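Only the coordinates and a few stated rules stand behind these numbers; no lab work does. Since the structure is predicted, the reported quantities are computational estimates derived from the model, not experimental observations. Positions of Cβ are generated from backbone atoms using ideal geometry, with glycine treated the same way; all protein chains shown enter the neighbour counts.
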Amino acid sequence: MYRRFLFPVAIAVLVALPAVAQHPEEHAQNTPRANQGHVPPAPPKRDNPHAKPEPERHVNGRVNSTQHVNNDHWYGHDSPNDKRFHIAHPFEHGRFEHFGPSFRYRVERFDIEHHRFWFPGGFGFEVASWDWPVCADWCWNCADDFVVYEDTDHVGWYLLYNVHTGVYVHVSYLGM
């Protein structure tokens, strides 16, 4: 009688293993991997309008000049007086009010041709054309988490931070 139940129990265990194994992956997917595993605070406003983008300098001599956050420090942020960020009518589509580290989002819809994406609730954004190469290879439909920050140096712009890569790009709000 023992052998009669052994085979069905073994099959049930084999079928259940993939489902049990997915839970740690799902949890790991929601946990930030960049910035020592946590979402950073908002970037500080820089007082010097001519401030240059600051690269991250490592003790081994390596320099990382990409736009990213490490140890809650925002590296590679463009100069406050950079002409690319001048908008004739800032906040033309309204202000996005649900920004900061306490708001995490997943992309609900993505238009790769126009570099636009939408969060649940219909909040739409467009990636700045000069920042598109930085995020073109992001997996926009992989359920990665993002945080939106108000860009304190460029009026009318927001920063989209990828909590899994630690990289950020400039985005403009398209409204709902």
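What distance in nm separates the two pseudo spin-label positions at HIS38 and SER65, each 7 Å out from Cα along the beta-carbon direction?
3.2
Considering the zone a paramagnetic label at MET176 would reach in this model (a point 7 Å from Cα along the Cα-to-Cβ line), which residues of the stretch 119-154 have amide N under 17 Å from it?
Flagged as within label range: 119-125.
In debye, nearest 20: dipole of the stretch 35-175 around its Cα centre with unit charges on the Cβ of K, R (+) and D, E (-)?
Details: 12 positive and 19 negative charges, 42 e Å.
Using only the charged Cβ atoms, the result is roughly 200 debye.
Between rounded, prolate and oblate, where does the stretch 33-107 land on the alpha carbon gyration tensor, with a ≥ b ≥ c its root eigenvalues, rounded for a/c under 1.5, else prolate if a/b exceeds b/c?
Details: a/c = 2.52, a/b = 1.23, b/c = 2.05.
In terms of gyration-tensor shape, oblate.
Need one word for the stretch 68-176: rounded, prolate or oblate. Basis is the Cα gyration tensor (sqrt eigenvalues a ≥ b ≥ c); a/c below 1.5 gives rounded, then a/b vs b/c decides. Please list the in-between numbers first.
Details: a/c = 1.36, a/b = 1.10, b/c = 1.24.
Rounded shape, in that the Cα axes give a/c under 1.5.
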